[in-house]
Structure formats: C-alpha cells, structure tokens
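Colleague: Quick one: the structure is below, and I'll ask about it shortly.
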Amino acid sequence: MSLEVAVAAALFVGVLAYALFGGADFGSGFFDLTAGGARRGAEVRTLVDHSIGPVWEVNHVWLIYCLVVWWTAFPESFAAVMTTLIVPLLLALLGIVLRGASFAFRKYSATLSQARTFGVVFAVSSIITPFFLGTVAGAIASGRVPAEGYGDRWSSWVNPTSVFGGIIAVGTCAFLAGVFLCADAVRAGKPDLASTLRTRTLGVGLATGLVVFIALIPIQIDAPTLADGLERQAAPLIICSFLAGVATLWLVWTDRFALARLPALIAVATVISGWGVGQYPWLLVDEVLLADAGGADATLRALLVAVAIAGVVVGPPLVLLFRLTQTERWSR
C-alpha cells in the first residue's frame, strides 16, 4: 500500500465517523422540526436534547480531523475544493455555527417565543448542514472541481449529482437519528414515544432508500466515472447497503430498536464507502489521481504517526462516552 493510499484511508475513516456519529446528531433536527407545536412536540424535543446533549460537540472532532488530514496530506486538492466550492462550504459552516448556538440558547430562553425561535433555527440548520456537505461530495464525485481550483462557484454544486448527494445526506442522517431515538425512547421507558418515532423513521428510511437507487439513473449521465465505479468495484458495497437497510427497516417495524442500530450504521457506512470506492483511484474525479495528489513522503509518514497517536489518545475516551450514553443509567 502506497503512502498516499494509507493516508487517504485514514482520512476516509474520519469521513465515515463524521457521517455516522455526526450524521445521527444532525438527523435529530428532522424529528425536532416535525415534532409539532410546543405542547405536542415537547416530549420529542426533550428526548432529542437528552440524547445528543453529551455528544453534539464531540462529533465535530471528526470534521476537524478530516480537514487537518486533507489539508496536510493533499494540499493542492484541498485548495482546489475550497476555492471552487466556497459557497456550499460556507453555508454548511453557517449551519454548524447556528445549530450549536441555538441548541445551547434554547435551554436558557427567557420566554416560550424565544425557545421556539431557537428551536426552529436548530432544526433547520441541522438539515441544511448535511445537505450542503452532500453537495460538496457530489461536486467532487462528478468531476466538477478542476485541479487548478477556482471552478464555477455555482454550477459546480448546483447539478443533479450534488443535489441528490445533499438529499441523500439529509435522509441518511434522519434515518440514523430515528433508529437511535427509538432505542433511546424505549430505554427511557417511553414506548408510546418510540411508536410515534418508529412511523417517521420507517417513512424516512423507505424514502431515502428509494432516492439512493433513483439517483443512480441521473448519475449515469451526470457523473459517468463515478457511475462506472459504482457498477464495478463498489457494487458489493451497494448491495450490502441495500441488505442492511432492509434488515434495519424490518427490525424497526418489529420494534427491535436496539438491534436495529447496528445494521443502520452498516447501511450508511457501506453506501458512503461505495462512493469512496466508486471514485477510486481519483481524488478529484477526472482531474487528480490519488497517487499524484500527495505531499512530501516525509509529511505523509509524520501524518500517519500523528493519526496513530491520536487514535490511542482520543479513541478510548470517545468509546467510553458513547458507551455511557447508551446505558440504562444514563436514560433515567
């Protein structure tokens, strides 16, 4: 394995972690937004606050990790993406900032009106952030980021592949969040709330799965290199994602929410991995090969050492945190 591939693999681990853990975090905003009025939606919003309260800031560790590794290991492609996709990236950043601020301020609002306002900002920003991050992935995968950077700032991300990428990102986040919220509701002794969330989770899961497979049609025309990779080397991952998604829907349908969490994570992880494997060996599709994008070998080696140290130092506390938040004691 070359240094470039090893570093790219380490980078993609961060992408997967942010998509899974940060995705479940962002997806809670969908259920907050659709919870209803102040009285009817209070129980759902309380569950959302309780579920994501300990982890909503922790999940941004993965975003920072991805940006630092990408910038350090593949600086020219990083610059090309930043100069071309500055609009959706700034909109995603705006969503992250507004989401965090409103989530905190909602708890300390002086009036119900203020709490509602902050709640709406939290919910809407939870949706727009993964959408715009999805458009960035779609722009890269469809070959709209030139190697020299400074590509078209609008058509680069306002196109079929990017739009579908954004919709799929929002859907997968909401689906993950729904599965975890259902399990949290049952663990907290609220089966009626779990039943309410179950219906919405099934709807989101079916809709997202349908969109994923519908998107394969326009991608054939709009992103032929990616489409070819999805049909070839990434096909097993796409099939695995379909099977895991079906298993998750069945487990949610039969009220086995705790068991549904694992296949839900697998379904999302494999569909995202399918995107990464599908565009290999390109870093910027049709523009820059991964093998040609790396920095100096000394930098890449040092980066791998830093990643290994970070895994040892940061990994165990994160595992402990997530484990504690999934216990019966935390749900009381």
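Colleague: Against the condition out of contact with any helix residue (DSSP H, G or I) (no Cβ under 6 Å at 6 or more places or on another chain) and free of Cβ contacts under 8 Å to residues at least 60 places away in the same chain, how does ALA235 come out, does it pass?
Modeller: Yes; evaluated as a whole, the condition is true for this residue.
Colleague: Under 6 Å between Cβ atoms, which residue pairs at least 6 apart in sequence (or on different chains) link something in segment 281-298 that is in contact (Cβ under 8 Å) with a residue 24 or more places away in the chain with a partner that is aromatic (Phe, Trp, Tyr) and part of a loop (DSSP other than H, G, I, E, B)?
Modeller: Filtered contacts from segment 281-298: ALA293/PHE74.
Colleague: Given the residues LEU197, LEU262, LEU251, which is the only one that is farther than 27 Å from VAL136 by Cβ, without any contact (Cβ under 8 Å) to a residue 24 or more places away in the chain and surrounded by 15 or more Cβ atoms within 10 Å (Cβ to Cβ)?
Modeller: From the options LEU197, LEU262, LEU251, the qualifying one is LEU251.
Colleague: State all residues of segment 22-51 that are free of Cβ contacts under 8 Å to residues at least 40 places away in the same chain, of a type outside the set (Gly, Ala, Ser) and either within 17 Å of VAL179 (Cα to Cα) or crowded, with 24+ Cβ neighbours inside 10 Å (or both); if no residue qualifies, say none.
Modeller: Selection gives THR46 alone.
Colleague: If you check SER113, SER109, which single one turns out to be surrounded by fewer than 19 Cβ atoms within 10 Å (Cβ to Cβ), without any contact (Cβ under 8 Å) to a residue 60 or more places away in the chain, more than 20 Å from the chain's Cα centre (by Cα) and assigned to a loop (DSSP other than H, G, I, E, B)?
Modeller: Just one listed residue meets the conditions, SER109.
Colleague: Test PHE21 against the stated conditions and say whether it is modelled with pLDDT under 95, aromatic (Phe, Trp, Tyr) and over 14 Å from the mean Cα position of the chain (by Cα).
Modeller: Here the answer is no, as PHE21 does not meet what is asked.
The values are calculated or read from the model by the stated rules, or taken from the named source; none is laboratory data. What you see is a predicted model; the values in this text were computed from it and never measured. Positions of Cβ are generated from backbone atoms using ideal geometry, with glycine treated the same way; all protein chains shown enter the neighbour counts.
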